[in-house]
Amino acid sequence: MKVIIVGCGRLGAHLARRLDHEGHDVTVIDRTSESFSRLGNDFQGKMVLGTGIDEDILRRAGIEGADAFIAVSNGDNTNAMAAEIAKLVFQVPRVVARLYDPVREDTYHTLGLMETVCPTIMGSNKIHDLVSGNGKAR
Amino acid sequence: MYIIIAGGGKVGYYLAKTLLHDEHEVLIIEKDKRKCDIISAELGGIVMRGDATDSIVMEEAGMSRADLAIAVTGDDEDNLMICQMAKKKFGIKRTISRINNPKNEHIFRLLGIDHTVSVTDLILAQIEREIPAHSLVHLLTLREAGVSFVEAQVPEQSPVIGKPLRALGVPGDCVIPLVIRNGKGIVPHGETVLLGGDEVVAVTTIEDESFLERLLGAK
């Protein structure tokens, strides 16, 4: 599977390494070159310096023909816009965006263009379950 | 009208000033405290401090009763988010967005943000107008309708000089409503003869633009 990841922070780098180890063709886009050090020396994939909301950068990363697109930069707005470009301009079949703001997540989820992940709600649910003692963390 | 302006930089500030003068109700949303202080000192209490892409801030600003939302921050992704949230979450019919990367214009259009202003494009158009190397100047492009208003100067050696307009073989989907000669406007007809140095304004389909360019002998 050919995967593009926007954002090489903790989550982006972790995902990239994981998918890379599983044998997938991974390309990571980030605005700062230092971020790529998180990928480690054994990373086989490609690294592209630039912003994930620029069509030219996305083309350079090989978005045409990608099977999946993951937007996990630290900005909700960048993630939403990058994911929309991936879906509408490049018709990537599977598109996922991380959105910290639950309201934004809900809106974009409703739009139906992309899969959305909201770490705020996921974390809140998990901690709530742990603290309230029903043990069944989701 | 109640108009919300997201972004209190220079564009937002002067926009607000003009709209207030036209007696609209205006609110600027701006993150930066210093900018907020300047705006409220100059224009009064029409500024709210906060992240305009945050739905809670939008709600406090009364987005749902706004007639128009204008996003003029320096970041395209923020402007897109503001317009999309205004439309999808708060049901605002009219949004206008500033665009910094001209390539984002068609992306915004795909996403339903139809009114965009690209500062970069405006400056490029101005350069086209000032530097005659690009002889076909775009005055206005209506992309959805597939029509553009263009202007071209007839070069001194153009093959069209000395012939009446009707003999030039202008395509059917192209009309020449105005010729400017020595600074004066002429409404031409079939018998009008073009001279070197004439400025020709044409309404044309986007496909016929290049034909017009060749016809006038403009590079």
Once the dipole of region A:2-132 is set up from charges on Cβ (+1 Lys and Arg, -1 Asp and Glu), the residue from the list A:Cys8, A:Pro119, A:Ile85 lying farthest towards its positive end is A:Cys8
Taking every DSSP bridge whose two residues both lie in region A:21-103, the antiparallel percent to the nearest 5 is 0 percent
Among B:Leu178, B:Val150, B:Thr204, the residue whose Cα sits farthest towards the positive end of the charge dipole of region B:132-215 (+1 at Cβ of Lys and Arg, -1 at Cβ of Asp and Glu, taken about the Cα centre) is B:Leu178
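Please give the peptides B:165-172, B:51-58 ranked by average Cβ packing (other Cβ atoms within 10 Å per residue), highest first, as a rough proxy for protection.
On the way: B:165-172: 12.6, B:51-58: 20.6.
Averaged packing, sorted descending, gives the order B:51-58, B:165-172.
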Ignoring GluC sites (Glu not before Pro) buried by more than 16 other Cβ within 10 Å or outside DSSP loops, the longest site-free run in chain B is B:24-143
Cross-link reach from A:Lys2 to aspartates and glutamates, straight Cα distance under 17 Å and at least 8 residues apart if same chain, gives A:Asp20, A:Glu22, A:Asp25, A:Glu64, A:Asp67
If every Lys and Arg gets +1 and every Asp and Glu gets -1 at its Cβ, then about the Cα centre chain A yields a dipole, in debye to the nearest 20, of 340 debye
Tilt, helix B:10-21 to longest principal axis of chain B (alpha-carbon atoms), in degrees rounded to tens, equals 90 degrees
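Other chains near A:74-85: what is the mean number of their Cβ atoms within 10 Å of each residue's Cβ?
Working: counts 0, 5, 5, 13, 6, 2, 7, 12, 1, 0, 7, 5.
Per residue, the average neighbour count from other chains is 5.
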Expressed in nanometres to one decimal, the distance between label points 7 Å along Cα→Cβ at B:Phe211 and A:Val103 is 5.2 nm
If every Lys and Arg gets +1 and every Asp and Glu gets -1 at its Cβ, then about the Cα centre region B:6-114 yields a dipole, in debye to the nearest 20, of 180 debye
Flagged as over-length at 20 Å C-alpha distance, from B:Lys10/B:Lys93; B:Lys10/B:Lys35; A:Lys87/B:Lys93, the pairs are B:Lys10/B:Lys93; A:Lys87/B:Lys93
Note on the protein assembly as shown, DSSP bridge orientation, antiparallel percent to nearest 5 equals 35 percent
Beyond 31 Å (Cα-Cα) in this structure, taken from A:Lys46/B:Lys87; B:Lys103/B:Lys163; A:Lys126/B:Lys89, we find A:Lys46/B:Lys87; B:Lys103/B:Lys163
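Taking only DSSP H segments of four or more residues, each worth -39500 (n - 2.57), what value at 222 nm results for chain B once the sum is divided by all its residues, to the nearest 500 deg cm²/dmol? Don't skip to the answer; put the middle values down first.
Working: 7 runs with 68 residues, N = 219.
Using -39500 (n - 2.57) per qualifying helix, the result is -9000 deg cm²/dmol.
Calculate the dipole size of chain B relative to its Cα centre from +1 charges on Lys and Arg beta carbons and -1 charges on Asp and Glu beta carbons; express the result in debye to the nearest 20. Walk me through the numbers on the way to the answer.
On the way: 24 positive and 32 negative charges, 16 e Å.
That gives chain B a dipole magnitude of about 80 debye.
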For peptide B:69-81, the mean count of other chain Cβ atoms within 10 Å per residue Cβ is 4
Result row for chain A, helices from DSSP H with C-alpha axial extent 20 Å or more and mean Kyte hydropathy at least 1.6, is none
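Only the coordinates and a few stated rules stand behind these numbers; no lab work does. Fair warning: this is a prediction, and the values are worked out from it, not measured in the lab. Every residue, glycine among them, receives a Cβ derived from its backbone with ideal geometry; neighbour counts consider all protein chains shown.
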